[in-house]
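This is the structure, below, for whatever I ask next.
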Amino acid sequence: AEAARKGWSIADFEIGRPLGRGKFGRVYLAREVKSKYIVALKVIFKEQIEKYNIYHQLKREMEIQTSLNHPNILRLYGWFHDEERVFMILEYAHGGELFKELRKCGYLSERKAATYVASLANALAYCHEKDVIHRDIKPENLLLDHEGRLKIADFGWSVQSRIKRHTMCGTLDYLAPEMVENKAHDYAVDNWTLGILCYEFLYGAPPFEAESQRDTFRRWEAFGQGLFKEAVSSEDLGAPLDNQECKSNGRLH
Ligand SMILES: Clc1cnc2c(Nc3ccc(N4CCOCC4)cc3)nc(-c3cccnc3)cn12
């Protein structure tokens, strides 16, 4: 609230180590000078905003994230800008990237996976109540706070994770079918991603992971065919596929 009233400037912060690089800028550890409060400061260069013509998207993302207040969503406390940069004052997630933990131990216990999936589901239900579809939930955007609680970060600004994921660039792994097929989509796309992440928490890799996007698409099609055949066969048998069951598979019927 203070940020909105007073208007911050870079002089209010001591900049610490870089935490990571985003597509349009970097994230730094920072401390507010007076309160000694630790935050993450995301810096986006205005020339990048012009070059990629993302001013409106950035504005919308920041309005959305400022309006969201949920324990599993990383807070955007406020923002300010100078001649050449826009600064976002974000909650600092002390635990770092969730997927570093996953890579370290390969896959998570069922209890841990269930805790993270429940946190994600709560955060997504909160977003959907406010008509916000994240659409871009990826492992790189999941952080942990000092108590190990999951935080969804980066509404629309994926922060390049330091973990070299071979499916890193433009991964299809987490995108729902209707997004990939560029169809009209609703909040169900986030539910699809939740299923993918649940699989990855338990198994250690997403279900359709492959060396190339083409192969991922092939594996995903095969899965789809399987679903479709099953659906047709059960319809043949006259067993009503209730809408909820269809939705839960991420297939919108
Ligand atoms: Cl936004 C935002 C808020 N907090 C963070 C954060 N926090 C954080 C904490 C701790 C550790 N370390 C813990 C000890 O071992 C080394 C890593 C890393 C990141 N990281 C990133 C990030 C991480 C990776 C790449 N790009 C950005 C973005 N963040």
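The values are calculated or read from the model by the stated rules, or taken from the named source; none is laboratory data. All values reported here derive from a predicted model rather than from experimental measurement. Every residue, glycine as well, gets a Cβ built from its backbone with ideal geometry; the counts of neighbours run over all protein chains shown.
Are any residues in segment 79-101 within 14 Å of the ligand (Cβ to nearest atom) and touching a Phe, Trp or Tyr at 6+ places or on another chain (Cβ under 8 Å), and if so, which ones?
Correct list: W79, F87, M88, I89, L90, E91, L98.
Just checking, how many residues over segment 1-46 are surrounded by fewer than 11 Cβ atoms within 10 Å (Cβ to Cβ), within 15 Å of the ligand (Cβ to nearest atom) and modelled with pLDDT under 95?
Residues in segment 1-46 being surrounded by fewer than 11 Cβ atoms within 10 Å (Cβ to Cβ), within 15 Å of the ligand (Cβ to nearest atom) and modelled with pLDDT under 95: 0 in total.
Further question on the same structure: Testing L172 on (1) closer than 30 Å to E129 by Cα; (2) more than 16 Å from the chain's Cα centre (by Cα); (3) modelled with pLDDT under 85, one condition comes back false. Which one is that?
Exception for L172: condition (2).
Then there's this: Within the bounds of segment 135-148, is there any residue that is within 23 Å of R21 (Cα to Cα) and loosely packed, with under 15 Cβ neighbours inside 10 Å?
yes
So which residues in segment 6-59 are closer than 15 Å to Y92 by Cα and touching a Ser or Thr at 6+ places or on another chain (Cβ under 8 Å), if there are any at all?
G20
Going through F99, F155 one at a time, which residue ends up being under 11 Å from the mean Cα position of the chain (by Cα), modelled with pLDDT under 95 and aromatic (F, W, Y)?
F155
Same structure again: Which of the numbered conditions does I49 fail, given that it passes all the others? Conditions: (1) among the aliphatic types (A, V, I, L, M); (2) under 24 Å from D136 (Cα atoms); (3) in contact (Cβ under 8 Å) with a residue 40 or more places away in the chain; (4) away from the ligand (no atom under 16 Å from the Cβ).
Exception for I49: condition (3).
Scan the helices (runs of 4 or more DSSP H) fully inside segment 1-115 and keep the ones with 3 or more residues being under 22 Å from C127 (Cβ atoms).
55-67
While we're looking at this one, here's another question. Find all pairs meeting these conditions: Cβ atoms under 6 angstrom apart; at least six residues apart or on different chains; first residue within segment 142-153 and free of Cβ contacts under 8 Å to residues at least 60 places away in the same chain; second residue near the ligand (Cβ under 9 Å from one of its atoms) and not in a loop (DSSP other than H, G, I, E, B).
As it stands, the answer is D145/K151, since those pairs meet every condition given.
Right, something else. Cβ-Cβ under 8 Å, sequence separation 6+ or interchain: first residue in segment 95-106 and within 13 Å of L197 (Cα to Cα) and in contact (Cβ under 8 Å) with a residue 60 or more places away in the chain, partner away from the ligand (no atom under 13 Å from the Cβ) and not in a helix (DSSP H, G or I). Which pairs?
L102/L108; L102/G204
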